[in-house]
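Notes to accompany the following structure.
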Amino acid sequence: MPATVTVPSAGFDYVKRGVMVPMRDGVKLYTVIIVPRTATAAKKAPILLTRTPYDAKTLTAHAESKHLSTMLQGYDNATDVIVDGGYIRVVQDVRGKYGSEGDYVMNRPLRGPRNPTPVDHATDTYDTIDYLIKNVPECNGKVGILGISYDGFLPLMALVNPHPALKVSVPMNPMVDGWIGDDWFHNGAFRQQMMQYIFEQQGSRSNEVKWPSEYYDEYEEYLKAGSAGELAKQRRLDQMGFWRKIVEHPSYDAWWRDQAVDKILAKEPLKVPTMIVHSLWDQEDIYGAIAVYKAVKPKDTNGDMVRLVMGPWYHGQMIQDGSAIGQIKFYSDTARHFRREILAPYLAQYLKDDAPKAGIAPVMAFETGVNKWRELPSWPPPGTSTRKIYLQANDKLAMAAPPAAAGFSEYISDPAKPVPYKPRPVRSTDSPGWPIWLCDDQREASSRTDVVTFTSDVLTEPLKITGESLVSLVASTSGTDADWVVKLIDVYPDEVADQPPMGGYQHAIAMDIFRGRYRESFEVPKALEPNKPLTYKFALPTANHVFLPGHKIMVQVQSSWFPLYDRNPQTFVSNIFLSKPEDYKKATHRVHFGPGDSGSFIELPVNQSVLR
């Protein structure tokens, strides 16, 4: 074998370099720099940076090709925007992953009480940008940062004491608050299918250590293990530092609050124009983008620093085909529209010399149901008001409050037979069914005896919702703890002329889970008093949807969503991760309704703006 191999580069439309970029503490981070030939000649191209724990070398070589457009096809590359825009593409491994030196910490906190070292993602981004503008002669001195998911969390970290050359940030589907509503928990319920991710992400520098499993159906795997803590012992996940932290901090204490990115950015000055990109059916990080928008928008006093884009996508779909999500068709490529008509001009405005203003509205939101992009001044938009829809007797759902007689619907919640979050067999998160489960047909769930269903009459006029629906669930349990899953669903007519398979489809619009022990406080769990009706209040994810005439509105309530979320033993224990088999018990759950606001209802964010 030759000592070194020279690859012929004649005819390549780019020059590729791999360098080790020094940080302020001496650690060097592996960085791939790809310069298009046009930039080599012009020497005035801007840089688009992505920092990642997912292997910079692979993300910049999805295919062996002379052409940049082919080589970059794949995760985290909005290829058409990068190539057509003539950008210098830079992708860097974060500390401790793949080609970079140093130690890896999951979602490394900022320097301070949770990170005693002198470095964090903010300093590493600053040092990287400083190196790039001094050592990439083809650049024009302007840098933008963008990325999806974990790589979307990093553009948010870059906003803390940003480098002067950082001109724009585009976090897409960012991880923001792992306890409230992103990767690790939702309102206290643990997302146990993330255990595999933690094992492989923290198990080695290059993710070569794989999660051991002999099961095809993960439902069976997680059920037989018992608690998430017991499964962690069986799979030796307890070797991983981040897992040990999760077990030590099952509630929303200071360890979680100090790391919540929306809370961090709420205290930071707004210095860098930022476009926050949200997917309405994001199966992994549905909380974060909207939370950051709420935190930073009040600082945008001139109205030109913060943009919000909401598309009808799953996690990361904005850089793929956006014509449909699962069975739901939009009759246009919504993701391509975003990239070409929104992202490309927005980046150019801040990164290219003498580029015109993009003219992007403060909020660009795709409205499902009527399938149109809307240009809005804010989110929620003007004209949004609250309208209550009440759960009622005989499985009814109506805008009018129930009559004076109180009542309830009940079901038996059995931890031995939890409700699956998607049809079995349940496969790992890289399976085709994982990205689209949030908008899956809910008919299978509504046919179960441990799911209660409430349905409206057929709508005679459109109903448009723009924002978060607020759940006010009055419920009781014969146990001392319980989970409550609430789903807001669009039920299609029995016959759909242009799509016969969609007849009767139960299209999930917004769904989430709440762990009962946190009814009074997210930080201090408390046992529930058996058989006492208690009120649980929580928000469903943001929606921008029109329920059309001929459709019906449905609300489903259940008490497990397995195996994505760990089972509640329904017996109060101090730490559910440490639950024993004897703690898991059947319980009778009741959903109560009654006169006025004394029963269960959902506050819908109804918008009366003209539907065109």
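The values are calculated or read from the model by the stated rules, or taken from the named source; none is laboratory data. Here the structure is a predicted model, which means the values were calculated and not measured. Please note: Cβ atoms are built from the backbone with ideal geometry, for glycine as well, and neighbour counts cover all protein chains shown.
In table form, for the structure just shown:
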quantity: The range 559-604: number of residues that are over 28 Å from Thr542 (Cβ atoms) and of a type in the set (Phe, Trp, Tyr); calculated: 3
quantity: The range 555-612 - residue that is more than 17 Å from Asp483 (Cβ to Cβ) and among the charged types (D, E, K, R) and, of those, farthest from the chain's Cα centre (by Cα); calculated: Glu582
quantity: Residues being touching a strand residue (DSSP E or B) at 6+ places or on another chain (Cβ under 7 Å) and assigned to a strand (DSSP E or B) - total across the range 122-165; calculated: 9
quantity: Test: residue in the range 577-596 that is closer than 30 Å to Cys439 by Cβ, in a loop (DSSP other than H, G, I, E, B) and modelled with pLDDT of 95 or more; calculated: no
quantity: Counted residues, the range 492-518 - those being under 18 Å from Leu280 (Cα atoms) and in contact with a Phe, Trp or Tyr (Cβ under 9 Å, 6 or more places away or on another chain); calculated: 7
quantity: Candidates Val81, Val15 - the one that is in contact (Cβ under 8 Å) with a residue 60 or more places away in the chain and β-branched (Val, Ile, Thr); calculated: Val81
quantity: Those helices (runs of 4 or more DSSP H) lying entirely in the range 41-107 with at least 3 residues over 30 Å from Gly241 (Cβ atoms); calculated: 68-71, 79-84
quantity: Failed criterion for Arg205 (all others in (1) in a loop (DSSP other than H, G, I, E, B); (2) under 22 Å from Ser279 (Cβ atoms); (3) charged (D, E, K, R) hold); calculated: (2)
quantity: Of all residues in the range 437-478 being in a loop (DSSP other than H, G, I, E, B) and touching a Phe, Trp or Tyr at 6+ places or on another chain (Cβ under 8 Å), the one that is surrounded by the most Cβ atoms within 10 Å (Cβ to Cβ); calculated: Val451
quantity: Hits in the range 402-436 (condition: crowded, with 18+ Cβ neighbours inside 10 Å and touching a strand residue (DSSP E or B) at 6+ places or on another chain (Cβ under 7 Å)); calculated: Pro402, Phe408, Ser409, Tyr411, Ser413, Pro418, Val419, Pro420, Tyr421, Val426, Ile436
quantity: Every residue from the range 231-263 that is of a type in the set (Asp, Glu) and part of a helix (DSSP H, G or I); calculated: Asp238, Glu248, Asp262
quantity: Given (1) in contact (Cβ under 8 Å) with a residue 12 or more places away in the chain; (2) surrounded by fewer than 20 Cβ atoms within 10 Å (Cβ to Cβ), number of the condition Asn568 does not satisfy; calculated: (2)
quantity: Some residue of the range 166-183 being in a helix (DSSP H, G or I) and buried (at least 20 other Cβ atoms within 10 Å of the Cβ); calculated: no
quantity: Filter result for the condition that a residue is more than 30 Å from Trp484 (Cα to Cα) and without any contact (Cβ under 8 Å) to a residue 40 or more places away in the chain, over Pro171, Pro164; calculated: Pro164
quantity: Selection count where residues are hydroxyl-bearing (Ser, Thr, Tyr) and over 37 Å from the mean Cα position of the chain (by Cα), scope the range 1-45; calculated: 4
quantity: Members of the range 43-71 found to be touching a residue at least 40 places away in the same chain (Cβ under 8 Å) and hydrophobic (A, V, I, L, M, F, W, C), listed by number; calculated: Ala45, Ile47, Leu48, Leu49, Ala56, Leu68, Met71
quantity: Given (1) under 30 Å from Val277 (Cα atoms); (2) modelled with pLDDT of 95 or more; (3) exposed (fewer than 14 other Cβ atoms within 10 Å of the Cβ), index of the condition Leu351 fails; calculated: (3)
quantity: Criterion (over 24 Å from Tyr314 (Cβ atoms), assigned by TED's automatic domain parsing to the domain that holds Gly326, in contact (Cβ under 8 Å) with a residue 24 or more places away in the chain and not acidic (Asp, Glu)) met by exactly one of Val296, Val261; calculated: Val296
quantity: Tally, over the range 73-90, of residues that are closer than 20 Å to Pro155 by Cα, among the charged types (D, E, K, R) and either under 24 Å from the mean Cα position of the chain (by Cα) or surrounded by fewer than 20 Cβ atoms within 10 Å (Cβ to Cβ) (or both); calculated: 1
quantity: Residue count for the range 507-539, restricted to those that are of a type in the set (S, T, N, Q) and closer than 21 Å to Phe593 by Cβ; calculated: 2
quantity: Qualifying residue in the range 210-230 (condition: among the acidic types (Asp, Glu), under 24 Å from His315 (Cβ atoms) and part of a loop (DSSP other than H, G, I, E, B)); calculated: yes
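Residues checked against (1) under 21 Å from Leu548 (Cα atoms); (2) among the β-branched types (Val, Ile, Thr); (3) in contact (Cβ under 8 Å) with a residue 12 or more places away in the chain:
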position: His315; (1), (2), (3): no, no, yes
position: Ala324; (1), (2), (3): yes, no, no
position: Ala335; (1), (2), (3): no, no, yes
position: Glu341; (1), (2), (3): no, no, no
position: Pro362; (1), (2), (3): no, no, yes
position: Ala365; (1), (2), (3): yes, no, yes
position: Ser378; (1), (2), (3): no, no, yes
position: Gly407; (1), (2), (3): no, no, yes
position: Asp414; (1), (2), (3): no, no, yes
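Each row is one residue, and each column tells you yes or no for (1) outside the structural domain of Pro581 (by TED's automatic domain parsing); (2) surrounded by fewer than 21 Cβ atoms within 10 Å (Cβ to Cβ); (3) within 30 Å of Pro381 (Cα to Cα).
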position	(1), (2), (3)
Tyr216	yes, yes, no
Gly229	yes, no, no
Gln234	yes, yes, no
Arg244	yes, yes, no
Glu268	yes, yes, yes
Thr274	yes, no, yes
Trp281	yes, no, yes
Glu284	yes, no, yes
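Quick grid of which residues meet (1) touching a residue at least 60 places away in the same chain (Cβ under 8 Å); (2) within 25 Å of Gly288 (Cα to Cα); (3) assigned by TED's automatic domain parsing to the domain that holds Lys388:
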{"position": "His507", "(1), (2), (3)": "yes, yes, yes"}
{"position": "Arg515", "(1), (2), (3)": "yes, yes, yes"}
{"position": "Glu523", "(1), (2), (3)": "yes, yes, yes"}
{"position": "Lys532", "(1), (2), (3)": "no, no, yes"}
{"position": "Thr535", "(1), (2), (3)": "yes, no, yes"}
{"position": "Val546", "(1), (2), (3)": "yes, yes, yes"}
{"position": "Trp561", "(1), (2), (3)": "yes, yes, yes"}
{"position": "Asn575", "(1), (2), (3)": "yes, no, yes"}
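To keep it simple, each residue is scored yes or no on (1) over 23 Å from the mean Cα position of the chain (by Cα); (2) crowded, with 16+ Cβ neighbours inside 10 Å; (3) under 26 Å from Glu208 (Cα atoms); (4) of a type in the set (Gly, Ala, Ser).
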residue	(1), (2), (3), (4)
Ile47	yes, yes, no, no
Asp55	no, yes, yes, no
Thr58	yes, no, yes, no
Met71	yes, yes, yes, no
